[in-house]
Each structure stands twice: as C-alpha cells, then as structure tokens.
1. Return only the number of the condition from (1) within 22 Å of the chain's Cα centre (by Cα); (2) assigned to a helix (DSSP H, G or I); (3) among the β-branched types (Val, Ile, Thr) that residue A:244 does not satisfy.
2. Just give me the residues in segment A:383-406 being in a helix (DSSP H, G or I) and in contact with a helix residue (DSSP H, G or I) (Cβ under 7 Å, 6 or more places away or on another chain), in sequence order.
3. Just checking, how many residues over segment A:203-220 are surrounded by fewer than 24 Cβ atoms within 10 Å (Cβ to Cβ), out of contact with any helix residue (DSSP H, G or I) (no Cβ under 9 Å at 6 or more places or on another chain) and at pLDDT 90 or above?
4. Go through A:224, A:235, A:279, A:252 for me and flag whichever is surrounded by fewer than 23 Cβ atoms within 10 Å (Cβ to Cβ) and touching a Gly at 6+ places or on another chain (Cβ under 6 Å).
5. Would you tally the residues in segment A:257-301 being small (Gly, Ala, Ser) and not in a loop (DSSP other than H, G, I, E, B)?
6. Please name all residue pairs, on different chains or six or more residues apart, with Cβ atoms under 9 Å, provided the first residue is in segment A:171-189 and is in the same structural domain as residue A:281 (by TED's automatic domain parsing) and the second residue is assigned to a helix (DSSP H, G or I) and exposed (fewer than 14 other Cβ atoms within 10 Å of the Cβ).
7. Looking at B:238, B:181, B:211 in this structure, which one is touching a residue at least 60 places away in the same chain (Cβ under 8 Å) and more than 13 Å from chain A (Cβ to nearest Cβ)?
8. Inspect segment A:150-161 for any residue being more than 20 Å from residue A:327 (Cβ to Cβ) and touching a strand residue (DSSP E or B) at 6+ places or on another chain (Cβ under 9 Å) and give the result as yes or no.
Amino acid sequence: MRTATAVAAALALSLTSACSGDGGDDDGGASEKRTVRLPNLKGEKIQVAAVWTGPEEENFRKVLDEFEKRTGATVEFVPTGDNVATFLGSKIGGGAPPDVAMLPQVGVLRQFAEKKWLKPLDDATTQQLNKNFSKGWQDLGSHEGEQYGVYFKAANKSLMWYNTAAYAAAGVGEPKNWDTYLEDLMTISDSGVKPVSVGGADGWTLTDWFENVYLSQAGPEKYDQLAAHEIKWTDPSVKKALTTLGQLFGDDLLLSGGNEGALQTPFPESVTKTFTDFDAPEAAVVFEADFVGVNVQNDTKAEIGEDVKVFPFPRVGAKEPVVTGGDVAVGLKDSKAAKAMLTFLASTDAAGVMAEQGGFISPNKALDRAAYPNDVQREIAKALTDAGDDFRFDMSDQAPAAFGGTKGAGEWKALQDFLKNPDDVAGAQKALEASAAKAFEN
Amino acid sequence: MSSHITADGPGTPVADGPGGRGTPKNPAPDGRGGAKPSSGRTGPWIAAGFLLPSLLLLGALVVYPIVYSAYRSFFDASGSGFVGFDNYADVFSGDGLTAVKNTLVWVIVAPSVATAFGLLFAVLTERVRWGTAFKMVVFMPMAISMLAAGIIFGLVYQQDPDRGVANAVWTGVHDTFTDDSVFPGARPRPDAGLEKQGGAFTTEAPVEAGSPAGLPLVGIPPADVGDAGTAKEADKGSGGEVTGVVWNDFTKGGGGREGVIDPGEKALPGVKVEAVKDGKVVASAKTSGDGTYSLPKEAAGAQLRLPASNFAEPYNGVDWLGPSLVTPAIIASYIWMWAGFAMVLIAAGLAGIPRELLEAARMDGANEWQVFRKVTVPLLAPILGVVVVTLMINVLKIFDLVYIIAPSATQSDANVLALELYLSSFGGGGNQGYGSAISVVLLLLVVPMMIVNIRRLRKENSR
C-alpha cells in the first residue's frame with residue numbers, strides 16, 4: 001500500500017514537473033478540471049498553522065495533500081490550539097513563524113497587519129481572489145487598503161440545529177420568531193426534554209448567541225458601531241439584547257443541564273448530547289454555525305437532513321440575523337511556497353476538496369454547490385452567498401483578541417459570568433465595557 | 001542580611017582567584033587553603049581567561065535577560081512609552097491581584113502538604129517489607145509530565161459523575177444515604193391548581209371526597225415513563241375516600257389538552273401523595289400502576305401535597321472546577337505528583353539517622369509518637385527544610401497544571417503569576433511590559449528562597 005502511494009506520488013511529481021516544463025495548459029492529463037496553476041516546489045517545506053482539530057483538521061489535511069500532490073512540496077500541518085494569536089505571537093516572537101496561518105478572527109488579522117507581521121498577497125493570489133470572492137469577503141481580508149488574507153472558510157453562525165425526533169415528540173415545528181421559539185422550547189420542556197444545549201464552557205459560543213440577538217434586535221448599524229466600540233457596552237441596546245438573551249439563559253427549565261451544566265459543556269459535547277439519543281434526547285436544539293454538521297457527522301450516528309435539521313436563528317427584531325465567521329489564510333513568510341499555498345487556497349479547487357468532506361462552507365462564489373455533500377450544507381451555503389454583502393461578520397472576531405478571542409478573559413469570560421448569573425444584566429454590561437475599553441484603548 | 005550574603009557570596013572566589021594574597025577574614029575558606037599556593041602562581045589574565053566562557057554564558061543566558069526584563073517592565077505594551085511603576089501597580093490590582101493571592105496560597109499550601117505526605121509515606125514505608133514497591137508507586141507520578149498529569153486530572157474532576165472519577169466516588173457515597181426520587185425534574189402543569197412550595201407541590205384548594213382530584217405533571221423525560229401504563233380517570237370512591245390520579249399531562253407528538261387526561265397520556269406510578277391539614281400530614285398514599293391514589297376519609301378537606309422527595313434531581317456531585325474549589329483541586333493534583341519526590345528525599349534522610357538515638361529514646365520509655373515527634377522530625381529538619389524550599393521554588397513557577405486543568409470559565413479564578421505572565425505577554429493582550437513586571441515580581445519572590453538554599457548548602461559544605 002505504502003509503495004503504491006509512493007509510486008503515485010512520484011508519478012504525480014513527474015507529471016507536474018513535466019507540465020511546468022512544457023508550459024501546457026492541460027495539467028498532465030489529470031482527471032479533474034484544474035482552475036489554478038501552481039509552480040513546481042519540489043523539495044520545499046512549508047508549515048500551515050490552523051486552529052482546527054479532529055475532523056476539521058482531517059478534512060483540511062486533504063486540501064494540503066492535494067497541494068503536495070500538485071507542487072511536490074512537503075506541507076506540515078501545525079495545530080495552534082485554542083489561542084491562535086498567542087500561539088502565533090510567540091512563534092513570530094521566536095523568529096520561526098509558520099509559512100501560512102489561518103486566523104479565525106478578523107481582529108487578529110488587523111492586529112498582526114499593524115505589527116507588520118503579515119505579507120501582502122502576490123498577483124497570482126489576488127487574481128484568484130478577484131475571480132472567486134465578493135467584495136465583502138475581500139474587504140474582510142484587507143487592512144488599510146492592503147490585501148493580506150484569503151477567506152478560505154466561511155461560517156454561517158446563525159443556525160439552530162434541532163433534533164427532529166424531539167421536536168416531533170413535542171409537536172412543535174420551526175419557529176417564526178424569538179417569542180414563538182421560546183414558547184416552543186417551553187413545550188419541549190413540558191415533554192420532558194430540557195431543550196437548549198449551550199456549549200458554555202467555550203466562551204465563543206456565547207458571544208455568537210449575543211451577536212445574533214443583537215444584530216436582529218438593534219440592527220446592522222448599531223452592530224457595526226458596537227463592533228468598533230463606537231458605542232459603549234453600557235448602551236441601552238446592549239441591555240435590551242442581554243435581557244432578551246436572559247429570557248432563555250435565565251430559565252433553567254430551558255437549558256439542558258441547567259446553567260451550571262451549560263457552563264461545563266464544551267461545544268463538541270453540546271452537539272453530541274443533542275443528537276446521540278433519539279428516544280430520550282438530552283437536548284432538542286443546539287445553536288451554532290454550520291460546522292456543527294462536522295461534529296454531527298463524525299461524532300454521532302445521526303443523519304443530517306433526517307434526524308438533524310436546521311432552521312435560521314429566529315428573528316428578535318425586524319429581520320433574521322446572518323452572522324458569519326471565517327478563517328482567513330495569511331502569509332507570514334515571503335517564501336515562494338507560502339505564496340503558492342495562498343494562491344491554492346484562494347482557488348476553487350481547494351474549496352472543492354474541502355467542501356466534499358462536509359461541514360464546510362466556502363465563501364468562494366465560483367464554487368459549484370454540487371460539491372457539497374448534502375442539501376443541508378447546500379442550503380447553508382446558499383443562505384450565505386445569497387446574503388451578498390449584507391451579512392455581518394462575527395463581532396467578537398473583529399475585536400482585539402484580548403477582548404473577543406481569549407480564553408478566560410474579555411467578552412468570553414464576561415458572557416460566561418452572565419450565563420452563570422443571567423439576572424445581573426448591569427453587571428455583565430459593566431464587565432464587558434471595562435474589558436472592551438481596555439482592549440480597544442479608548 | 002541578604003545584602004551581606006550576596007556581597008560575600010560570589011565575591012569571595014573572584015577575589016580569591018586573581019589576588020590570592022593574605023589570609024581571608026573568613027575561617028571557612030581556610031579549610032580549602034591547600035589550593036592556595038597553586039592559585040597564587042597563576043596570573044590574573046589566565047584566571048580571567050578561564051572564567052570568560054562561563055561568564056559570557058551566564059551573562060548572555062541569565063544576567064542579560066534579567067536586566068532586560070527589569071528594564072522592559074517600566075515600559076508599556078508597545079515598548080516605547082515609559083510608564084514608571086504602572087505595570088507593577090497592575091500586578092497588584094484586578095486579574096493580577098487574583099494571581100498574586102493564588103500564588104501565595106500555592107506557595108504556602110502545596111509544599112507543606114506535599115512534604116507532610118512525603119514524611120508520612122517515608123516514615124510508614126520505612127519498616128514495611130514491601131516498602132520499596134510502595135515507594136515506587138508513590139513516586140511514579142513524577143515520571144509523568146505536568147501536561148499529562150493536567151489532562152488526567154482534568155478528566156478526574158469532570159462534573160458528570162459518569163465521567164469524572166472524583167464525582168463518581170462522591171455521588172456514590174452520597175447516594176448510599178439517600179433514596180432516588182421516582183420522577184426527577186417533574187413539575188406541575190402551570191395553572192392546574194398546584195402550587196410550588198420548596199420542592200413540593202400543594203393543591204391550592206382543599207380536596208373533597210367523591211370529587212377526584214387530578215394532579216397533572218409535566219417535564220418528565222420520556223424514558224422515565226417508557227413502561228408506565230396509560231392514565232385513567234379515578235373512581236369516585238364509595239366509602240368517603242379522597243381519590244384522584246397523577247399523570248404525565250403531555251401527549252406525545254403534541255396536541256393534548258392541558259389538565260385533561262388525553263388518550264395515550266401516561267400514568268405516573270409510585271408517586272407519594274400526602275394530605276395536609278394545618279401543616280400536619282393526616283394521610284398519605286402512593287399512586288398505583290394506573291396513576292390513581294386513594295386516601296382515607298380523614299383526608300377530606302385537606303390540601304394534597306406531592307412531597308419534594310418524588311422529584312428531587314439526582315445529586316450531581318461537587319463542582320470541583322467551579323470558582324471556589326478550582327485552586328484547591330489543582331493543588332491536590334500537584335501534591336499527587338510531588339509527594340513522591342518529597343518522600344524519596346525524606347526517606348534518604350531517614351536512612352541516615354543513627355539508629356542508636358531512636359533506640360535510646362525507646363529505652364527511655366518514649367512511645368512511637370514521641371520518638372517520631374521528638375527525635376525523628378528534629379533530626380530530619382534540615383532535609384525537610386530543603387524539600388519545602390525546593391518545592392516552594394518549584395511552585396512559584398507553577399503554570400502547566402493551572403493552564404490545563406482550569407476550564408476557561410474559571411481560569412481567571414485559578415490564575416497564578418506564571419500563567420498571568422504568559423497570558424498577558426503572549427496571549428491576546430500582547431503586553432510584554434506587564435509580563436516583564438510579573439517576571440520581576442516572581443524573581444523577587446524566589447530570591448529569598450534561593451538565599452536560604454545557598455546558605456544551607458554552605459553550612460553543609462563547611463560541616
């Protein structure tokens with residue numbers, strides 16, 4: 001088996017080198033259509049750092065394998081751990097950064113760009129970017145007019161994944177708005193299932209809860225202002241949003257495991273506990289982004305589209321919120337291989353490889369939706385690309401990492417405290433404002 | 001005191017090397033006087049040449065970082081603005097203060113408890129036949145990295161008794177003394193005439209014989225009523241009994257009417273029903289397989305109560321990693337690792353104690369406790385001191401266990417200086433000025449212990 005792969009790899013290598021030799025357009029007669037040309041990088045070694053673990057990492061390794069196959073370079077995947085900014089900061093400080101890194105927060109991109117740690121994209125990558133990405137996504141990868149990043153992965157963070165059996169047993173359907181949502185939850189609670197699974201051990205799930213409520217209730221303009229800290233967290237609009245969220249967090253009949261239990265539930269577990277047992281489920285609905293699909297696929301036996309379905313985050317105000325997130329690939333070194341990797345990640349080919357595995361949404365508008373493995377994924381991708389440039393990027397990801405992206409600090413911590421004690425809206429606002437002021441330095 | 005030591009300490013050999021003249025004031029170096037004539041023949045340049053490599057290494061690897069950290073600690077996050085002692089003020093306020101307090105708790109508790117356990121194990125295993133095997137087992141955790149130990153204890157302290165060993169034991173002990181409730185988490189259908197009082201539910205109106213009282217409950221996990229029969233309306237009763245039915249007022253698939261027994265709704269057997277008059281229980285009964293109950297006629301005119309014991313949630317154990325217990329829990333994991341270390345050193349010291357002294361004490365009529373208390377411990381005092389001080393130095397830099405075991409919700413409650421240093425310097429904040437200030441504080445804390453250790457070492461050498 002090993003020799004077979006080695007032979008195949010050698011063959012692929014010779015094919016790529018042959019084709020770069022004659023400069024033909026047809027890449028050595030490969031079966032799939034290729035939309036991007038990459039240089040021959042035989043013997044080069046690069047490191048790609050990303051936060052992904054488990055199934056997401058495995059899927060991404062397939063993309064890296066494809067890159068290796070096409071260029072001959074050796075790619076090492078470096079897991080960053082939860083704290084990407086910390087990890088990269090110390091690597092850069094130590095003078096040995098990875099070639100390419102996936103930044104999960106746009107705030108980190110800005111922070112790093114300001115410190116001149118990021119290398120601007122080259123022409124080949126920019127070309128792919130212009131071809132495949134809408135302006136909204138391009139802008140998110142730039143800072144002060146310079147394009148630094150390619151959004152390889154997008155997340156639609158406004159989805160409620162529900163256990164169809166639990167919903168059917170309670171006789172409720174998809175809700176129209178926040179109020180009917182809460183009513184349905186109470187009905188499910190009456191049926192004997194504590195309905196909502198909150199992964200409160202991971203602070204970022206809580207920021208996503210808040211952001212969806214806030215975007216829908218206060219509107220996009222306020223959202224942008226709060227994201228930039230132009231209005232304070234002590235603003236009445238924040239109070240209103242937290243109070244609304246408190247209707248859910250403050251009712252221990254609605255939270256699976258109660259508030260304490262929710263605080264100790266890490267995100268992956270919040271998914272598995274909802275979709276493991278269908279006769280006596282531990283929870284009926286879990287809120288998070290599209291990547292819940294990956295956990296469902298890999299950690300449970302549930303069938304997406306059958307046992308597991310999705311409805312959009314119920315609207316609190318006038319419109320349903322569309323909050324997005326994403327991982328942006330940036331170059332930390334000026335090497336040829338790093339640039340080629342970025343070009344590849346901006347291409348439709350790379351997006352296609354990752355999309356096939358499921359649990360992944362690409363902001364690449366040129367990607368054929370047939371690449372997604374099921375209808376649920378296609379729907380989520382459609383919602384995202386249909387939103388055009390009307391989506392709002394995850395607020396905590398736009399903030400400096402100290403506020404919006406650090407385990408046990410800033411917004412993550414303040415909202416965990418709020419989940420522990422949902423009656424104390426004013427206290428939560430004060431804590432949020434105090435750490436926001438410190439992080440934004442205003 | 002300390003200035004005397006430091007001035008004296010490194011100064012002596014350096015002055016000795018190139019000079020080599022005259023008699024030293026200290027009698028201690030006199031013992032090594034035999035080397036003197038040879039050092040007298042070497043010129044100062046040769047001595048300097050031999051010293052240079054190590055001086056360079058020490059300078060580059062130890063002195064320069066310390067000096068630069070101290071310098072850096074007076075500047076802000078970007079490193080360009082001078083902020084005086086502001087960073088130090090930050091260390092003793094807010095998150096930094098929690099870290100300082102926790103570090104103090106660590107330094108006081110962890111070494112002393114670990115040493116106490118070490119002493120206990122060493123003394124107890126000394127005379128056991130399988131002592132060596134036992135010592136090996138106790139010492140084994142030392143072979144595990146802090147990271148692995150952290151992950152192990154993260155699992156041990158999991159809240160869910162099905163996963164965390166600590167809570168599995170704790171709930172196991174607890175549940176031996178309490179009975180399980182029949183329908184944990186059940187609650188009355190709102191507006192069905194049942195009032196919540198504590199964990200119990202009481203009817204608002206008194207019940208009468210001949211008019212069955214239905215007590216609808218909801219919120220019962222489907223698994224709990226899986227094999228229960230369907231509920232049925234209670235008989236009116238002929239002899240003046242008070243009757244009624246307790247049932248799960250939820251139709252699977254929805255569409256049921258509230259407070260009415262719809263077809264397919266399940267009975268709740270085994271629920272205790274009490275009749276209460278003026279705060280006193282006058283009668284009680286348990287529901288049968290079809291959910292009905294029947295109380296004797298004394299119950300007429302009383303209020304019905306479903307006592308809390310029916311619905312108590314299962315005991316969920318201790319919140320080990322909650323804000324109040326997280327630091328003690330992590331310290332316990334540290335002791336698990338390091339008690340073995342203390343034990344081995346103390347056991348070595350114990351082996352060096354002259355047997356005659358113990359025997360003499362016993363001959364004089366001392367019991368074992370007195371021998372231990374008055375002879376063994378005083379003789380071990382130097383070793384105990386070394387162990388405690390070594391552990392204190394070790395504990396000051398504790399980082400891994402806290403970083404790994406504390407969940408993010410309570411990380412700031414478990415914070416210690418080394419962790420705060422890492423998070424603030426290389427974490428989201430990126431404030432290396434503040435981080436440097438913490439490192440200087442840590443240095444200042446560790447210096448006294450170093451001095452104690454160095455002095456002890458000297459004393460040993462001169463003996």
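The values are calculated or read from the model by the stated rules, or taken from the named source; none is laboratory data. From a predicted model like this one, the values you see are computed outputs, not experimental measurements. Please note: Cβ atoms are built from the backbone with ideal geometry, for glycine as well, and neighbour counts cover all protein chains shown.
1. Every condition holds for residue A:244 apart from (1).
2. Of everything in segment A:383-406, those that are in a helix (DSSP H, G or I) and in contact with a helix residue (DSSP H, G or I) (Cβ under 7 Å, 6 or more places away or on another chain) turn out to be A:395, A:396, A:397, A:398, A:401, A:402, A:403, A:404.
3. Qualifying residue count for the region: 0.
4. A:252
5. 5
6. Pairs that qualify, where the first residue is in the same structural domain as residue A:281 (by TED's automatic domain parsing) and the partner is assigned to a helix (DSSP H, G or I) and exposed (fewer than 14 other Cβ atoms within 10 Å of the Cβ), are A:172/A:183; A:175/A:183.
7. B:181
8. yes
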